[in-house]
Every structure is written in C-alpha cells, then in structure tokens.
Amino acid sequence: MAWPNVAPFVPTDKILADFSVCESSNLEEAVLCGERMFCKNRLEKKGTEFKAQFFYRSAGEAGVARMSFGGEVAIHPGKLDNFVLVQSVLTGHEHVISDQLRLSCNPGHTTVFNYHRHSFFNHFPGTDKLLVRIDRTLLESMLQRQLGRSIKQDIFFQPQLPMDTFAGQNWLQTLAWAYSQLSSKSLHSSHLQNLIGEVLASSLLEFHESNHSQALRDSAEKKVVPAVIRMIEEFMEEHAQEPITISQIARHAGVTARTVQLSFQRFRGLSPMQFLKEIRLRRVRVELETTQHAHVQVSSTALKWGFTHLGRFSSDYKQRFGESPSMTIKRRGG
C-alpha cells in the first residue's frame, strides 16, 4: 500500500511503535492478546516460525492496530462481535474469507469485515497489516447523526475498498492521519481520541459503499440543493423582465434542466416557471399600486413583465390577489 510518507503522516516503521501490546513466540499468549484487542479467536501455526507483534491504541469506541506473526498462521475468529474490522495490508499478503467470499489481500487492498459475519485469515510470512476496529454502536450513532433519523437496518459494508479509487484515496488519507495522531505519545486526551474514532467511523460511512450509502447521498443532496435553489431564485428575481428559459436557468446554476425542475418541485412544491410567474405577478402588482402615472395601462405593464396572453394574465392575477388588475388601480385612486 502506498502509505503517505510525508508530514504530518508517520513513516511506516514508526506506526504505533510506542504502543506495543504483545511481542511473543508463545501461541497461547498471542491468542489472549488478540482477544483483548478484538474478540475470541484461534491461531494455527502452519510452520515453525512464529513471532507475534501487536501494537494497539484505543480511540474511544474504535481502535487502531498493527499486526504481524512472523510466519504463516491461520486465524479463526469465527463471527466478529459487535464491531466492524477494516484491514489494510502494508507488506506481504493474506488469503481471507469474508462471509463466504474468498479474497486475496495484497498491499493496496483494504478489506472490510462486517459484524456477526464469519471470517477467516491465512497470514503469510512477511505480512504486516493495519487493522481498524469500529464498534457497531459508534457506526450506528454516526450514521443516524448524518441521516438525521433512526435506522432500521443493520449496517453492511461491501467487502473490498480499492485504494486506486477516489474514495479509497480519501479513506487512506484519513487512515494515515488517524495513525499519525495515535502513534504520538504526546496525545493523552481521551476526548481527542474519541474524536479520532468518530472521524474514522464517519469516513468509513462516507467513503465506502454500504447498504445505507444511497440514503447518505440523498441526505447530502437535500442539504446542498437549497443553496442551488436560492441561486436560481436570485437569478430569476434579477432577470424577471427578460425572456428566461429553463436552459438558461440551468446553465447559470451549473446543473441540468432536470435538476432544476426536480429541485423546485421537491423544495418549493411548484415548477421554476410557476415561480417565475409568481415573481412577475408581484412586480406587476407593485407597479399598478405605486406608479405615479394617472393613465397607467394594465396591458403595457403586463407585457413589460412577460405576460403576452392578457386574458390568462388577468385570470392568474385575480386568482393570486383576489382582485382584478383594474380593481388594484381603482383602489390606488388612479
């Protein structure tokens, strides 16, 4: 994996170097240490070489680890407990099974293991890997916060996150930042460690595909679209006297004509052209109410604001304001 090796990221040989939790050639001791970090497991040596080296640092309801075994080892964790495990191979390779899916993991590959799913790891000599543990409660809390509502389905991630994608590169940058922070002995604040865990959880939800990804995209769109709508509304207010088309509006906002139509229907409950007509009707009314000309013409004012069908204009005006244009002039005393 192309680990960022520039400031502020820690070099690979320094990752969690001051937070060793196990360095042992004893199989049972390594099993117990793995249980303390993650969950119950069974280790099976495939050769004579074995030296477990585990590094671990907590991040609130998450944790980051670095792990190697020296030789070939089969790891049988069975079903993971209530957490998601994200594994990135630094050097070497592993064969893994994730919920009956067989994968070959090399540098540049990140694999996600879902909670309550069966998993298996065959760890080959010379393999060094990073593991991120994120508790289910934290993931669900962050997801509900991002969606603004409760969730009814368990979170289920796709098993592979390629590092050569935009999302993969963003996850890698987040991962490198988190490991850099947690590798520092000067970080003592449990509050900051909790925040790092939250960043890891929210980043995984954002950058990796899950059964809730579409809902997250829809939620993000709803937060962004009102700004687009305001831009479109301002454009129509400024150019209401001109002949405006949907294509012109879309071009100004930098979106498609379909997005303009759907956005207005969703957030305003009417079409852009209906909104434009509302602006123009108000402008006509203001002129009829305030003009100083004694013989102001309804027809010329309507035409000025883009109403070419005077009969339809009069009907729309009366429906909107409860009186005809001529009544507005009479009220003014014109």
Going residue by residue through the stretch 146-162, is there one that turns out to be under 30 Å from A257 (Cα atoms), at pLDDT below 85 and of a type in the set (S, T, N, Q)? yes
When D135 is evaluated against the numbered criteria (1) surrounded by 20 or more Cβ atoms within 10 Å (Cβ to Cβ); (2) under 23 Å from F54 (Cβ atoms), which criterion, by number, is the only one it fails? (1)
Look through L182, L172, L216, L204 and report the one residue that is surrounded by 14 or more Cβ atoms within 10 Å (Cβ to Cβ), in contact with a strand residue (DSSP E or B) (Cβ under 6 Å, 6 or more places away or on another chain) and aliphatic (A, V, I, L, M). L182
Only one of S247, S263, S202, S300 is outside the structural domain of V112 (by TED's automatic domain parsing), among the polar types (S, T, N, Q) and under 30 Å from Q144 (Cβ atoms). Can you tell me which? S263
Can you confirm whether the stretch 29-39 contains a residue that is assigned to a strand (DSSP E or B), over 26 Å from S189 (Cα atoms) and of a type outside the set (F, W, Y)? no
Give the residue, chosen from S88, S119, S104, that is polar (S, T, N, Q) and under 23 Å from L32 (Cβ atoms). S119
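Is it the case that the stretch 67-77 has a residue that's of a type in the set (S, T, Y) and exposed (fewer than 15 other Cβ atoms within 10 Å of the Cβ)?
no
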Going by what's in this entry, would H109 be described as under 27 Å from the mean Cα position of the chain (by Cα), at pLDDT below 95 and under 25 Å from G168 (Cα atoms)? yes
Residues of the stretch 155-168 being surrounded by 14 or more Cβ atoms within 10 Å (Cβ to Cβ), in contact with a helix residue (DSSP H, G or I) (Cβ under 9 Å, 6 or more places away or on another chain) and outside any loop (DSSP other than H, G, I, E, B), which ones? F157, L161, A167, G168
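The values are calculated or read from the model by the stated rules, or taken from the named source; none is laboratory data. In this text, all values refer to a predicted model and were calculated from it rather than measured experimentally. All Cβ positions, even for glycine, are placed from backbone atoms using ideal geometry, and neighbour counts span all protein chains on display.
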